[in-house]
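J.: First the structure, then my questions, so here it is.
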Amino acid sequence: TTDLAIVETQPGGVLPAVRHTDGRAYGGRDFDLVFMQHLLSPRRAADALSPGERVEWLAAARSFKERFSHRMTLGHADYEANVFVGDRRVAMHLSRAVFESDEMAGPLIGRFNRLLREAFLHTGRAPSVIDGVLLTGGSARWYFVRRAVDRFFGRGVCLVSTEPELTIAQGLALARTGFAAPTRENV
């Protein structure tokens, strides 16, 4: 899922207060399936997979997706690697342009932008009153998520947990340390 929480903080040791939450069905699994389809398309049809084969292809897609995301965050234009599907090695290559195309993940990227706008509209607050945005969860590692958030708020507001997959919503709201502005070193 993609979740939004507006948290108000105050100086003097006063606990933060959650002022608004919103959650939408959109996340890593959506991208896992797009990557699996991309891996499979030149090789075989997804509907011809046995349940065991489907799990293997999905695991390979997830592995490639995570490494691809990391490379794109570092500013690379493409990524090439071998993934393993069971005991078979499959060579993969993907460019940022193909990933962002309408034929692959472009519609999902656009969907994130729309969900961000819609969710924030429900808060009743202006983007200008937000001092910072803490991104957490696996999607925090996507370059386009950070870019969309910074563009939406009109300035660089993203802070990312050093281990975004391990950060939970309550911990995020209460955290006082462990967050840093994204750099090449902590991406």
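The values are calculated or read from the model by the stated rules, or taken from the named source; none is laboratory data. Quantities reported herein were computed from a predicted structural model and do not represent experimental measurements. Glycine also receives a Cβ, built like all others from the backbone with ideal geometry; neighbour counts cover every protein chain displayed. Accessible surface is based on the protein model in full, side chains and every heavy atom, while ligands, DNA and RNA are left aside. Shrake-Rupley method; radii C 1.70, N 1.55, O 1.52, S 1.80 Å.
J.: Where in region 99-118 is the amide nitrogen less than 16 Å from a point lying 7 Å along the Cα-to-Cβ axis of residue 78?
T.: Zone members listed by number: 99-101.
J.: Taking the chain as a Gaussian network, Cα atoms linked when under 10 Å apart, which of 138, 75, 52 shows the biggest mean-square fluctuation?
T.: 52
J.: Find which of 132, 122, 7 sits farthest along the positive direction of the dipole of the chain, computed with +1 on the beta-carbon of Lys and Arg, -1 on that of Asp and Glu, about the Cα centre.
T.: Farthest towards the positive end: 132.
J.: Find the accessible area per residue for the chain; the probe is 1.4 Å, ligands and nucleic acids are left out, and the unit is Å².
T.: 57 Å²
J.: Turning to a different aspect of this structure: Any chance you could run the full-extension gain for residue 54 through residue 152? It's 0.36 nm times the residue separation minus the Cα-Cα distance, nm to one decimal.
T.: Contour length minus Cα-Cα distance gives 31.6 nm.
J.: Could I ask something else about it? Given a 1.4 angstrom probe, I'd like the percentage of the accessible area of the chain that is carbon and sulfur, rounded to a whole number.
T.: 53 percent
J.: Still on this structure, please answer the following. Please report, in debye to the nearest 20, how large the charge dipole of region 34-88 is about its Cα centre when each Lys and Arg carries +1 at its beta carbon and each Asp and Glu carries -1 there.
T.: 60 debye
J.: Tell me the trypsin sites (Lys or Arg not before Pro) within region 44-144 that lie in a loop according to DSSP and have at most 15 other beta-carbon atoms within 10 Å.
T.: Listed in order of number, the matching sites are 44, 125.
J.: Here's a follow-up. Can you give me the distance in nm between label points at residue 129 and residue 111, each placed 7 Å from the Cα along the Cα-to-Cβ direction?
T.: 3.1 nm
J.: Using a simple charge model, +1 on the beta-carbon of Lys and Arg, -1 on the beta-carbon of Asp and Glu, nothing else, what dipole does region 1-132 show about its Cα centre, in debye to the nearest 20?
T.: My answer is approximately 80 debye.
J.: For the chain, what is the calculated [θ] at 222 nm in deg cm²/dmol (nearest 500), taking -39500 (n - 2.57) for each run of four or more DSSP H residues and dividing by its residue count?
T.: The per-residue figure over the chain is -12500 deg cm²/dmol.
J.: Given labels modelled 7 Å from the Cα in the Cβ direction, how far is it in nm from residue 33 to residue 102?
T.: About 2.1 nm, to one decimal.
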